[in-house]
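The next block holds one structure in the form of structure tokens; read it before the comments.
The values are calculated or read from the model by the stated rules, or taken from the named source; none is laboratory data. From a predicted model like this one, the values you see are computed outputs, not experimental measurements. Please note: Cβ atoms are built from the backbone with ideal geometry, for glycine as well, and neighbour counts cover all protein chains shown.
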Amino acid sequence: MRYQRFIDHDHGEYVGFNGIEEKGLKDMPDKLTPEQRSKAMRNIHSKNTSIERILRKTLWRNGYRYRKNYDKLPGKPDIVLTKYKIAIFCDGEFFHGKDWEVLKPQLESGNNGSFWLKKISRNRKRDEEITRQLIFMGWTVIRFWGREISKNPDECVKVIEETIFDLKIQND
């Protein structure tokens, strides 16, 4: 599981924790035809994804109010708790390079591998840069993998609540 939490507001450096590592992806051939894969890829959107909706509903049910796709911050975080200066990103495993060392060789040997390697590498670098910028601006950044949200949204909210608690302690 990835519960990245980055906090150092004074120096813009990474501080935080990661949860228990999940097992790597298995080396499997694509089960879809090229036409099916193309249709599936066309239906992927950057806003209001199912994982974002799941996390937002869980936050709302727990009494947290938020902004979505907040364009006043770099990277337009998926969910922003402005009251606590927390930016939350809901990252899909493929496009954000989960288990990169396992995924990278699979992409190299697949169709259009160089395109996907460049695209996902750029996404990973951009994620790091946006995280640094937000930390420098005094924001706390939390990133969740999509499957973490899908399988256990309540656990994700617990991570957010722990972060809020820690921020309250720091400010007192």
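Conditions tested, residue by residue: (1) in contact with a helix residue (DSSP H, G or I) (Cβ under 8 Å, 6 or more places away or on another chain); (2) surrounded by 22 or more Cβ atoms within 10 Å (Cβ to Cβ); (3) outside any helix (DSSP H, G or I).
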residue	(1), (2), (3)
L134	no, yes, no
G138	no, no, yes
E148	yes, yes, no
D154	yes, no, no
K158	no, no, no
E162	no, no, no
F165	no, no, no
With the first residue restricted to the range 117-128 and required to be without any contact (Cβ under 8 Å) to a residue 60 or more places away in the chain, and the second required to be not in a helix (DSSP H, G or I), Cβ contacts under 7 Å at 6 or more apart or on different chains are I120/F95; I120/G97; N123/F95; N123/H96; N123/G97; R124/H96; R124/G97; D127/H96
ask   = Out of all the residues in the range 108-120, is one or more assigned to a helix (DSSP H, G or I), in contact with a Ser or Thr (Cβ under 9 Å, 6 or more places away or on another chain), at pLDDT below 90 and farther than 19 Å from V80 by Cβ?
value = yes
